[in-house]
Amino acid sequence: MDLLHHVVLTAVGDDRPGLVDEVTRYITERGGNLEDSRMVNLRGQFAMMMLIAGDEGATARLQDGLGLLRRSSHVHAELRPADAGSAEQAPALPFRLNTWAMDHPGLMQSVSHLLAEKGVNIESVDSSLRPAPYTNTPLFEMELVVSVPAATPVAEVREALGELCDEMNIDWQLMAL
């Protein structure tokens, strides 16, 4: 039995019906198996990130066919090995961090910088700009899933977040998962 390999396919192109079908057919026809994905339409640009498993032959066929995928589906696509990033990580505790604030530049960067300083890893982020109730003022919302190292006191992370969020007028909530 062949050893299972993992690759990450990223593809971005103009949103249209059938695009996900085309990209997933490309994967299946080359012997790949889609294990995990994130896909989103961002103002008409459809972005896809997919974790694909397959034997060595399948991953080679996926790599060899990238040019065809790019031309036929009109996407910018890249394939990267994912096995290299599977090294042991220090024990960590999962949390969900929700924030919301009147929109202004630097919100995501400020929060992500503070988390990096505390050694907190960001596992996923969903963010959006929405009109605030009643006023329709642009409101920037973020939902992050983060991993706090077991050696880092959560109270220390909460205190630093509180200080930053007070300074930047950000409402926030940190909850254990």
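Using a 1.4 Å probe, what is the accessible area per residue for the range 42-177, in Å²? On a per-residue basis, 61 Å². Within the accessible area of the chain, the carbon and sulfur atoms contribute 53%, probe 1.4 Å, all protein chains present.
Between residue 175 and residue 8, the distance separating the two model label sites (each 7 Å from Cα on the Cα→Cβ line) works out to 2.7 nm. When you restrict to C-alpha pairs under 8 Å that are six or more residues apart and normalise by the size of the chain, the relative contact order lands at 22 percent. Set against the 2.2 N^0.38 Å expectation for a compact globular protein, the range 111-177 has a Cα radius of gyration ratio of 1.22. Each peptide in 101-107, 142-148, 9-15 receives the mean, over its residues, of other Cβ atoms within 10 Å, and ordering these scores from highest gives 142-148, 9-15, 101-107.
From the largest down, the range 26-100 spans 41, 35, 16 angstrom on the principal axes of its Cα atoms.
For the peptides 37-49, 108-120, residues were scored by their other Cβ atoms within 10 Å and the scores averaged per peptide; the highest-first order is 108-120, 37-49. Principal semi-axes of the equivalent ellipsoid, √(5λ) from the alpha carbon gyration tensor of the chain, are 36, 23, 11 Å from largest down. Against the chain, whose longest principal axis comes from its Cα atoms, helix 154-168 is set at around 80 degrees.
Relative to the longest principal axis of the Cα atoms of the chain, helix 19-29 runs at roughly 50 degrees.
The values are calculated or read from the model by the stated rules, or taken from the named source; none is laboratory data. Since we're looking at a predicted model, the values are computed, not measured. Neighbour counts are summed over all protein chains in view; Cβ atoms, including those assigned to glycine, are modelled from backbone coordinates with ideal geometry. SASA here: full protein model, heavy atoms, side chains in, ligands and nucleic acids out. Shrake-Rupley method; radii C 1.70, N 1.55, O 1.52, S 1.80 Å.
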